[in-house]
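J.: Got a structure for you, written out below as structure tokens; questions coming shortly.
What follows is calculated from the coordinates using simple rules that are stated; it is not laboratory data. Predicted model only: the values in this text are computed from it and were never measured. Reconstructed Cβ throughout: ideal geometry from the backbone, glycine too, with neighbour counts over all protein chains shown.
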Amino acid sequence: MNALLSKLISRIKGGDWHLDSNLSQAEQVHLVLKKGMMYFRGIMSFQRINPVILLGKNTTIIAKNKIVVKGVLSIERNSHIDATSLNGIVFGNNVSLGKYTHIECSGSLTNLGVGLTVGDNVGLGANCFYGCAGGITIGDDTIFGNFISLHSENHNYERKDIPIRLQGVNRQGITIGKDCWIGAKATILDGVEIGNGCIVAAGAVVTKGKYPDYSILGGIPAKIISTRA
């Protein structure tokens, strides 16, 4: 069964993919049943069979008409995705979203946000938050750990005679390049540009700046602590 499943999943994903040989037959059967139910939910939710969308249970998706899926998309359970925005959400091929993923493309319906673009072969970990009002772009082959948050919008606060909530917002957007690794519990704020091949250490807070390719970032606030040269 292992070889058959590996071959089937490789065909669906469009690449060479193998199940661990240590998986028991019972675990493989559980995987088949789980993915089968996710596939069925995806068909029922999006009302289409192509591209393949695997949808976990207890997941909420708002503004499906603003979501473009270019290939296989897997969304694990208990996720919340709201694509309401100017540009919506674009998912590349072979993208996976961990359980409890939360995507908000607009912070307010009085000022629609930009949206989210995700490249091919991207893995986004569990319990992550993506505030996409200013626009977030994630490049191909990038992987995220768990409990990561991205916030592409800031509140204005210059005036003291008006509550901060009434002073509006400013946006620059967040860009993360190809082949990056964003460590668990990292936070990335508006205006940050991370080049290709970069690593953001677990727990880092990247507050601002443009970082060249192959940088390794760490600390609070984050700075370049090494390179992959």
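J.: Please list, ordered by chain and number, the residues whose modelled amide H lies under 5 Å from the amide H of Thr59; skip anything fewer than 5 residues away on the same chain.
T.: Excluding prolines and chain starts, which carry no amide H, the hits are Asn78, Ser79.
J.: Related question: What list of ³J(HN,Hα) couplings, whole Hz, do you get for segment 199-205 from phi and the Karplus terms 6.51, -1.76, 1.60, once you set θ to phi - 60° and write x for glycine and proline?
T.: 10, 10, 5, 4, x, 5, 10
J.: Would you pull out the residues with amide H under 5 Å of Val200's amide H, same chain only if 5 or more places away, H placed 1.01 Å from N?
T.: Those qualifying (amide H under 5 Å, at least 5 residues apart or on another chain) are Trp181, Ile182, Gly183, Leu217.
J.: Still on this structure, I have one more. How high is the relative contact order of segment 56-227, in percent, counting Cα pairs under 8 Å that sit 6 or more residues apart? Don't jump to the answer; show the numbers that get you there.
T.: Numbers: 566 pairs, mean separation 22.5, N = 172.
Value for segment 56-227: 13 percent.
J.: Convert each backbone phi in segment 182-187 into a coupling constant with the Karplus relation 6.51 cos²θ - 1.76 cosθ + 1.60 (shift: θ = phi - 60°), then list the ³J(HN,Hα) values in order as whole Hz, x for Gly and Pro.
T.: With coefficients 6.51, -1.76 and 1.60, one gets 9, x, 3, 6, 6, 10 Hz.
J.: Please determine, in degrees from 0 to 90 and to the nearest 10, the orientation of helix 25-46 with respect to the longest principal axis defined by the Cα atoms of the chain, where the helix direction is its Cα long axis.
T.: 60 degrees
J.: May I pose another question? Leu189: net charge of surrounding residues, Cβ under 11 Å, Lys/Arg +1, Asp/Glu -1, itself excluded?
T.: Details: positive: Lys208; negative: Glu153, Asp190.
Here the charged neighbours net out to -1.
J.: Another question, if that's okay. Between segment 129-146 and segment 160-184, what is the separation of their alpha carbon centroids in Å?
T.: Segment 129-146 and segment 160-184 have Cα centres spaced 12 Å from each other.
J.: Any idea what angle helix 2-13 forms with the longest principal axis of the chain, computed on alpha-carbon atoms, 0 to 90 degrees, nearest 10?
T.: Its long axis makes an angle of about 40 degrees.
J.: For Lys34, go through the lysines and keep the ones whose alpha-carbon is under 29 Å away, minus same-chain ones fewer than eight residues off.
T.: Within the straight-line cut-off, Lys34 pairs with Lys7, Lys13, Lys57, Lys64, Lys66, Lys70, Lys99, Lys185.
J.: Enumerate the calculated ³J(HN,Hα) couplings along segment 63-76 in order (Karplus 6.51 cos²θ - 1.76 cosθ + 1.60, θ = phi - 60°), each rounded to whole Hz, writing x wherever the residue is Gly or Pro.
T.: 6, 4, 5, 9, 10, 10, 10, 8, x, 4, 10, 10, 10, 6
J.: Moving on to the next point. Indicate, rounded to the nearest 5 percent, the antiparallel portion of the DSSP beta bridges found entirely in the chain.
T.: Values: 7 of 55 bridges.
Approximately 15 percent, going by the DSSP bridge assignments.
J.: Please give the FRET efficiency for Leu31 paired with Ala229, using the beta carbon to beta carbon distance and R0 = 30 Å, rounded to the nearest 0.05. Can you show the working numbers first?
T.: Details: r = 40 Å, r/R0 = 1.33.
Efficiency, rounded to the nearest 0.05: 0.15.
J.: Now a separate question. Hey, got the dipole for segment 56-227? About the Cα centre, +1 on K and R Cβ, -1 on D and E Cβ, debye to the nearest 20?
T.: Values: 15 positive and 13 negative charges, 71 e Å.
Here the size comes out at about 340 debye.
J.: Given only helices, namely DSSP H runs of n ≥ 4 each adding -39500 (n - 2.57), what is the per-residue ellipticity at 222 nm of the chain, to the nearest 500 deg cm²/dmol? Display every interim value, and only then the final one.
T.: Numbers: 2 runs with 34 residues, N = 229.
Value at 222 nm, helices only, nearest 500: -5000 deg cm²/dmol.
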